[in-house]
Each structure stands twice: as structure tokens, then as C-alpha cells.
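The values are calculated or read from the model by the stated rules, or taken from the named source; none is laboratory data. The model shown is predicted, which means the values in this text are computed figures rather than measured ones. Using ideal geometry, Cβ is built from the backbone for each residue, glycine included, and neighbour counts are taken over all protein chains shown.
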Amino acid sequence: MISVSKLLCDLDAEGDGLRYDAAEESRKEQIRDRKQRRPVVVWNVTKQCNLYCEHCYAAADTEVADGELSTTEGKALLDDLADYGVPVVLFSGGEPLVRDDLEELIAYADEVGVRPVLSTNGTLITDERARSLRDAGLKYAGVSVDGLPERNDAFRGEEGAFDAAVRGIRNCLDAGLKTGLRYTITERNAPDLRGVVDLLTDEGLDRFCFYHLDYGGRGTEILDADLTPTQRREAVETVCDMTRDYHDRGEEIETLLVGNYADAAYIVEYAREHYGEAKARTVYEYLRTNGGDPAGERVADVDYQGNVHLTQFWQNYSLGNVRDRPFGAIWDDDSNPVLAALRDRESRLTGKCAECAYSDVCRGGSRLRALTVEDDLFAPDPQCYLTDEEVRTRPPAAPDTGTAD
Amino acid sequence: MSDDSLSVTVDEPRDAVSREWELFVREGPDDALTHAGSVSAPSADIAREQARQLFEWTAEALWLCPADEVERIQTEAVATVASAGEEA
């Protein structure tokens with residue numbers, strides 16, 4: 001997750017402590033202790049969903065699936081995550097609000113010290129449900145909208161889904177819940193990006209997360225709708241330009257890019273072009289701390305049956321199951337060659353990644369996309385849009401202090 | 001028999017995406033065949049292909065077994081979630 005607003009506009013936001021070790025310079029609530037070294041865990045609490053979205057990485061269905069972790073098992077998992085020092089649990093699905101014990105699980109996560117946040121399509125958030133989520137201790141709700149009404153509804157397979165999601169956002173904001181947008185950028189909805197932000201900013205929303213398409217679940221069935229490298233570059237530039245425009249007008253929206261760490265290199269170059277070398281150096285150092293693609297390291301996924309995955313998008317490979325073994329034991333088991341290799345990936349990357357000047361802020365991008373498209377765990381991410389010149393450029397250097405050590 | 005005996009059977013399904021296949025890898029001739037997670041695939045052929053994609057850079061041998069054919073038995077101390085029991 002790359003915070004464009006933090007890097008380009010110095011916006012102070014919750015979460016920067018985790019992303020950039022920037023807790024000490026922040027006035028917002030931050031996670032400051034050993035938890036920074038543990039993964040954020042996405043927990044798909046159910047496979048069931050009231051919508052049927054084209055790009056769903058979890059391949060969610062409208063029916064309940066067998067083997068969901070029960071309420072008691074879920075609490076045991078949350079105990080397990082707390083014991084391991086997991087800082088944040090992202091309740092996801094399917095659509096998590098179809099579970100009537102969601103608030104009970106959120107409250108329990110909060111009680112045991114794992115920050116509960118939510119990923120939802122928003123359509124089931126009534127004013128009453130928004131208040132109950134808030135009262136349970138939910139810290140953040142990310143609501144998925146993937147375009148202006150016509151395009152969003154087509155994408156999500158239901159007419160009226162856009163309006164229902166906006167009602168959900170309003171209900172969250174009215175309840176005083178920190179709320180944001182989740183937007184997966186594809187060729188089809190890229191033209192709507194700025195319009196959606198303008199519309200939802202008017203609703204009072206101030207946090208916008210833009211996801212690149214990852215190639216998991218039903219996402220693998222719409223690869224033809226993914227952006228070309230040129231379109232991707234334009235979309236990321238739009239996010240950067242838009243963020244600056246809003247901040248120049250005094251509207252401090254938070255904008256984030258998720259799922260493609262070529263963006264890290266791009267933003268350093270963007271900062272160099274628009275702000276100069278010193279700013280580019282600061283951005284670069286933040287991104288070095290951030291550490292590039294987080295699969296198998298700073299993000300983990302537990303699906304509704306308890307299978308542990310390298311990321312939420314990588315559902316067709318599991319490291320183990322929390323019904324068999326505690327999460328921490330699975331996650332720490334470097335005897336798994338794939339897990340160990342992901343944690344030492346820089347020495348294994350091939351092609352342009354092996355010689356890229358920005359490999360330390362990107363770390364090869366998505367290994368899942370490389371595997372899906374190139375049939376090679378260590379090939380370059382097919383979504384990398386950096387030019388040959390950028391790959392060979394010199395990242396901003398630290399200032400010469402004149403001291404030798 | 002002690003309280004630590006292998007008394008807990010874990011028989012919940014693991015087929016979150018499609019049929020699950022337990023995966024075993026040997027990296028060298030002197031190495032043990034070790035469990036290395038599982039892949040989801042609707043057929044043995046596809047499971048084999050997915051396992052090959054993931055491990056061919058390191059594996060000397062790959063074994064696959066349908067997860068629903070595997071008996072999972074463990075001590076209560078290990079089965080943290082399974083032993084949580086059901087709510088009243």
C-alpha cells in the first residue's frame with residue numbers, strides 16, 4: 001500500500017506508522033511497537049456474497065459454503081493472531097456483513113488488541129448496522145465502488161449496487177465511522193476514476209484506495225480488461241495529479257495505491273519531476289522503509305475455511321490451515337521453499353527486475369501475476385510499466401554528509 | 001494413554017476454491033519429502049501443473065494427494081482452533 005498523499009503532499013494519516021515507520025512524526029493514532037514486524041491479516045470470514053462481481057479474487061458465491069470457521073473458532077483464531085502480534089485484521093469475504101456474528105468478532109478482535117477493519121461492498125450497511133459496527137469497535141470501513149453507477153453496476157452484477165454502496169458510505173459517515181473507498185482500476189472503469197472521487201468527496205469521503213487488478217479468483221477471467229502499461233501509467237499519473245489538485249485546494253484527501261509496486265518507482269520519478277531531487281530522495285527513503293511487495297511477509301490471508309495464503313489474492317495455494325496449526329507456526333515455517341524464497345526474492349528475480357534500479361522499493365511486484373502470466377515465480381511482473389530508462393536510472397542519493405564510516 | 005494422545009480428528013473441508021491437493025516436495029536426493037502446503041485445482045492434472053509452476057525451480061520430486069483423502073489427526077494441544085469447540 002503506497003500512500004500518494006503522504007509521499008507527495010505530506011498528509012499525516014493513521015497507518016503511516018505501519019507503512020513507513022513514521023509513527024514518531026505523526027499526530028494520528030499509530031501502531032508503534034513490535035507489531036510493525038508482523039503481517040496485516042486479511043480474514044475472509046465467509047465465501048457468501050449478495051453480489052457477484054466480475055473481478056472477485058475470492059470467487060465468492062451467493063450461497064453459504066461448507067466449512068466456515070464458526071464464531072468460537074473465529075475467536076480462537078483472533079486469540080492466535082493477537083498472541084502472534086498481528087497488528088490489524090481486515091474482515092473481508094465474500095461479503096462479511098452476511099455473517100450475523102460479524103460485530104461479535106469485531107468486538108473480540110478489538111478486545112484482544114488486534115485492530116479490526118472491514119472490507120465490504122457497502123450495500124448491506126443500513127444506518128442501524130453502521131452504528132452496531134461502530135459500537136463493536138470497528139476502526140475503518142473500506143467500501144468497494146468500481147466506477148460511476150452504470151459501470152459499477154455492470155461490474156458488480158446488480159443494478160442499483162452503486163446507489164446502495166453510496167447509502168452505505170453515508171450511513172458509515174453518519175455513524176462517525178472512518179470510511180474509505182476501494183476502487184479496482186481496469187480498462188473499463190479507468191475513465192470514471194476522477195468522477196467517482198469527486199462525487200464521493202462531496203458525500204464527505206476523504207480516503208481513496210486504488211487497487212491494481214491481481215490475477216486471483218475471478219480476476220484471472222478478466223485479464224483482457226486489465227490496463228495496458230501505457231494506460232496503467234496514465235491512471236497512476238491521474239491519481240498523483242488529482243491528489244495534488246485536491247491538496248492545493250486545501251482538501252486533504254488521503255489517496256493510496258495498492259497491488260503494484262512499480263508505482264513506488266513511478267512516484268519517486270514523479271516527485272523528482274514535480275518537486276525536485278530533495279523531495280524525490282525523501283519519497284524514496286519512505287518507500288525503502290515500506291519494503292515493496294508484501295506477499296508472504298507483511299500481508300497474509302486466512303480464508304473462510306482457515307487456509308492460510310500468501311496474500312488475499314493468492315487463493316489457489318495454501319501454506320497450511322489454522323484448524324491444524326496455529327497461524328504463527330504456519331507463517332514462521334521457512335521450511336516451505338516458496339515462503340522462504342519470497343522472503344529472499346531480490347536475489348532470485350530475473351529479467352529486468354534483476355537489474356532494476358528500483359528493485360529495493362518494488363521487489364519485483366506481484367509474484368502471483370508473474371506466475372499466472374509467465375509461468376515463472378521469479379519473472380518480472382507483467383504489469384510493470386517502468387521504461388527501460390527508469391529501470392536503469394539512478395535512484396535519488398542520500399545527501400553527502402562529508403563523513404566516512 | 002496420556003492426555004497428549006492423538007485424539008483430535010480434524011475433518012472440516014479445505015476446498016475453499018476447488019478440490020484441495022496436499023503437496024509434498026523433495027529438494028535434493030538426500031532430503032526428506034516434506035509437506036509444502038496445498039494447491040486448489042479441479043483435477044489432478046491441473047493440480048500437478050500448479051505445483052510444478054510453484055516448485056519446479058527447487059523441487060526434485062513432487063507428490064500430490066487429494067486433501068479430502070487425508071486423515072488429519074493431532075493432539076489437542078496442537079489443534080488450537082479445532083479444539084475451540086462449538087458455542088452453546
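Assorted remarks:
- Apart from one condition, A:Gly306 fits all of (1) more than 30 Å from B:Leu54 (Cβ to Cβ); (2) crowded, with 22+ Cβ neighbours inside 10 Å; the exception is (1).
- Matching residues, the range A:306-338, being within 7 Å of another protein chain (Cβ to nearest Cβ) and closer than 15 Å to B:Trp21 by Cα: A:Asn307, A:Gln315, A:Asn316, A:Tyr317, A:Ser318, A:Leu319, A:Gly320, A:Asn321
- Number of the exception - A:His274 against (1) modelled with pLDDT of 95 or more; (2) touching a helix residue (DSSP H, G or I) at 6+ places or on another chain (Cβ under 6 Å); (3) assigned to a helix (DSSP H, G or I): (2)
- Scanning the range A:121-163 for residues that are assigned to a helix (DSSP H, G or I) and either of a type in the set (Asp, Glu) or closer than 17 Å to A:Gly180 by Cβ (or both) yields a count of 11.
- Being of a type in the set (S, T, N, Q), outside any loop (DSSP other than H, G, I, E, B), at pLDDT below 80 and surrounded by fewer than 21 Cβ atoms within 10 Å (Cβ to Cβ) is a description that does not apply to A:Gln30.
- Any chance A:Thr228 is under 24 Å from A:Ile2 (Cβ atoms), in contact with a helix residue (DSSP H, G or I) (Cβ under 7 Å, 6 or more places away or on another chain) and among the β-branched types (Val, Ile, Thr): no
- A single member of A:Arg392, A:Arg325, A:Arg343 is in contact with an Asp or Glu (Cβ under 7 Å, 6 or more places away or on another chain) and either under 30 Å from B:Ile73 (Cβ atoms) or surrounded by fewer than 20 Cβ atoms within 10 Å (Cβ to Cβ) (or both), and it is A:Arg343.
- For first residues located in the range B:20-36 and of a type in the set (Lys, Arg), partners that are modelled with pLDDT of 95 or more and lie 6+ apart or on another chain with Cβ distances below 6 Å form the pairs B:Arg26/B:Leu33; B:Arg26/B:Glu60; B:Arg26/B:Ala61.
- Among the criteria (1) of a type outside the set (S, T, N, Q); (2) assigned to a helix (DSSP H, G or I); (3) surrounded by fewer than 24 Cβ atoms within 10 Å (Cβ to Cβ), the one A:Gly74 does not fulfil is (3).
- Checking each residue in the range B:1-19 for being in a loop (DSSP other than H, G, I, E, B), of a type outside the set (Gly, Ala, Ser), more than 10 Å from chain A (Cβ to nearest Cβ) and touching a residue at least 40 places away in the same chain (Cβ under 8 Å) picks out B:Asp3, B:Asp4, B:Leu6, B:Arg19.
- Only one entry of A:Glu269, A:Glu252, A:Glu234 meets the criterion of being among the charged types (D, E, K, R), touching a residue at least 40 places away in the same chain (Cβ under 8 Å) and part of a loop (DSSP other than H, G, I, E, B), and that entry is A:Glu252.
- The range A:329-366: number of residues that are under 16 Å from A:Asn290 (Cβ atoms), assigned to a helix (DSSP H, G or I) and of a type outside the set (S, T, N, Q): 5
- Against the criterion of being under 25 Å from B:Val25 (Cβ atoms), buried (at least 18 other Cβ atoms within 10 Å of the Cβ), modelled with pLDDT under 95 and touching a Gly at 6+ places or on another chain (Cβ under 8 Å), A:Asn336 does not qualify.
- Taking the numbered list (1) away from chain B (no Cβ under 14 Å); (2) touching a residue at least 40 places away in the same chain (Cβ under 8 Å); (3) buried (at least 24 other Cβ atoms within 10 Å of the Cβ); (4) of a type in the set (A, V, I, L, M, F, W, C) in turn, A:Val88 passes all entries but (3).
- When A:Ala295, A:Ala265, A:Ala300 are checked against the criterion of being modelled with pLDDT of 95 or more, surrounded by 24 or more Cβ atoms within 10 Å (Cβ to Cβ), within 28 Å of A:Asp376 (Cα to Cα) and more than 14 Å from every other protein chain (Cβ to nearest Cβ), a single residue qualifies: A:Ala265.
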